[in-house]
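The values are calculated or read from the model by the stated rules, or taken from the named source; none is laboratory data. Here the structure is a predicted model, which is why all the values come from computation and not from measurement. We place every Cβ from the backbone using ideal geometry, glycine too, and count neighbours over all the protein chains shown.
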Amino acid sequence: MAEHTTTHPVGGTPPGFLEPLELLYEEAGQPRFGLPPALATAYGGDLGFTLPCVYANFVASIDGVVALGPEYPSSGSAISGRKTADRFVMGLLRACADAILIGAGTLRSTPRHRWTPDHVCPQAAPDFAELRRSLRRATQPELVVVTASGDVPTEHPALQSGALVATTLDGAGRLDGRLPAACTLLTAGEGSTLRMADVLAALHTHGHTAVLTEGGPHLIGHLLGEGLVDEVFLTTSPVLAGRTDDTSRPGLIAGLELLPNHPAWTDLISARQRDSYLFLRYRLRTPRAHADPQSALAN
Ligand SMILES: NC(=O)c1ccc[n+]([C@@H]2O[C@H](COP(=O)([O-])OP(=O)(O)OC[C@H]3O[C@@H](n4cnc5c(N)ncnc54)[C@H](OP(=O)(O)O)[C@@H]3O)[C@@H](O)[C@H]2O)c1
């Protein structure tokens, strides 16, 4: 049963720099982690997940563009306009996660990024830390980079500070001896791409059940293709990005065709607003294909 909800700050002291999101709608009966008061006020309510859970976060323009093309690094920031409210939601979703999954395309296109809550919203760092303590999460979520080719920039600061890198045998050969010591390499037995169910099973083995994917359109295509995504958080940024006929500016999914034969219907779980930005949370209707605990990945 769904219900409409109006905005009521839930208590606590709102951080002066984070104006609360306005809650427009929330489905009744959502799991609640019990956010620290400052985060709950800024988010316009509580947040939680039923674990295990794979949840994606994207920002898209009104016309559905999520990446501007290889010639434009950090295109997510360009699309969001680095809006504080969007960066707060990014940080909050990261703060809830055991692991953050990205594809090598996203790593290559954002050379200075760090996939931590604090990097995108330093103002809320103490509150994110308090949330992680209350959830018994590690100090920071673990970064997981998926690459078939092994073509990853090993000097990237996110790798230098430690990550799991999941790759094929060919990729492992290419990376041999090149990864920073802080990284762990996971390799698949066979094939030119990884079965994402194997990657998730390996993450479960590491104790990671709350998995946020911030990968780009290709990674989410692989995850959706295997039926592994539970929820999608989508920020609609009030901007038109446009496309020329001969450039590639993908929407949320690449490399996977769903409609008309395999529609992936969703239900809206919540809708929030700040200025002209919309923060939408959807649940995939198709039951999730649970990861096979007998992972084919080895480290
Ligand atoms: N707007 C947003 O919210 C948002 C979010 C994320 C990213 N982006 C943007 O998206 C663009 C990058 O798009 P993308 O689709 O290239 O990013 P991506 O999906 O993160 O990376 C794609 C790469 O990941 C690896 N990969 C994915 N699935 C794999 C599998 N099953 N097995 C093995 N390897 C796998 C491959 O790496 P190899 O090529 O190394 O084999 C593949 O080329 C960037 O411009 C980025 O800024 C936007």
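Points worth noting:
- Residues in the range 154-170 that are part of a loop (DSSP other than H, G, I, E, B) and either aromatic (Phe, Trp, Tyr) or in contact with a Lys or Arg (Cβ under 6 Å, 6 or more places away or on another chain) (or both): THR154 alone.
- In the set (1) within 27 Å of ASP127 (Cβ to Cβ); (2) outside any loop (DSSP other than H, G, I, E, B); (3) not aromatic (Phe, Trp, Tyr), the condition left unmet by HIS208 is number (2).
- Check on GLY76, at pLDDT 95 or above and either assigned to a strand (DSSP E or B) or within 23 Å of ALA210 (Cβ to Cβ) (or both): no
- Top-ranked residue of the range 26-63 - restricted to ones that are under 30 Å from SER74 (Cα atoms) and of a type in the set (D, E, K, R), ranked as surrounded by the fewest Cβ atoms within 10 Å (Cβ to Cβ): ASP63
- Candidates PRO122, PRO117, PRO73: the one that is out of contact with any strand residue (DSSP E or B) (no Cβ under 9 Å at 6 or more places or on another chain), surrounded by fewer than 18 Cβ atoms within 10 Å (Cβ to Cβ) and farther than 24 Å from GLY150 by Cα is PRO122.
- Only one of the numbered conditions (1) of a type in the set (Gly, Ala, Ser); (2) within 7 Å of the ligand (Cβ to nearest atom); (3) part of a helix (DSSP H, G or I) is not met by ALA85, and that is (2).
- Screening THR209 on (1) touching a residue at least 24 places away in the same chain (Cβ under 8 Å); (2) under 18 Å from LEU159 (Cβ atoms); (3) surrounded by fewer than 21 Cβ atoms within 10 Å (Cβ to Cβ) shows it passes everything except condition (2).
- Being among the hydrophobic types (A, V, I, L, M, F, W, C), modelled with pLDDT of 95 or more, more than 14 Å from the ligand (Cβ to nearest atom) and not in a loop (DSSP other than H, G, I, E, B) is a description that applies to PHE128.
- Only listed residue being farther than 26 Å from LEU186 by Cβ and not small (Gly, Ala, Ser), chosen from PRO157, PRO122: PRO122
- Residues of the range 171-203 satisfying the condition of being farther than 13 Å from VAL152 by Cα and not in a loop (DSSP other than H, G, I, E, B): THR184, LEU186, THR187, ALA188, MET196, ALA197, ASP198, VAL199, LEU200, ALA201, ALA202, LEU203
- Filter result (touching a helix residue (DSSP H, G or I) at 6+ places or on another chain (Cβ under 6 Å) and more than 19 Å from GLY216 (Cα to Cα)) within the range 44-87: ASP46
- Whichever residue in the range 274-295 is polar (S, T, N, Q) and surrounded by fewer than 17 Cβ atoms within 10 Å (Cβ to Cβ) and, among such residues, is modelled with the highest pLDDT: SER276
Listed here are the residues, each with its yes/no results for (1) at pLDDT 95 or above; (2) under 21 Å from SER149 (Cα atoms); (3) within 12 Å of the ligand (Cβ to nearest atom).
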residue: ALA197; (1), (2), (3): yes, yes, yes
residue: LEU203; (1), (2), (3): yes, yes, no
residue: THR209; (1), (2), (3): yes, no, no
residue: GLU214; (1), (2), (3): yes, yes, yes
residue: GLY221; (1), (2), (3): yes, yes, yes
residue: VAL229; (1), (2), (3): yes, no, no
residue: VAL232; (1), (2), (3): yes, no, yes
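- Among residues of the range 89-115, those that are within 16 Å of the ligand (Cβ to nearest atom), not β-branched (Val, Ile, Thr) and not in a helix (DSSP H, G or I), counted: 9
- Screening the candidates ASP46, ASP118 for the property of being more than 9 Å from the ligand (Cβ to nearest atom) and assigned to a helix (DSSP H, G or I) yields one hit, ASP118.
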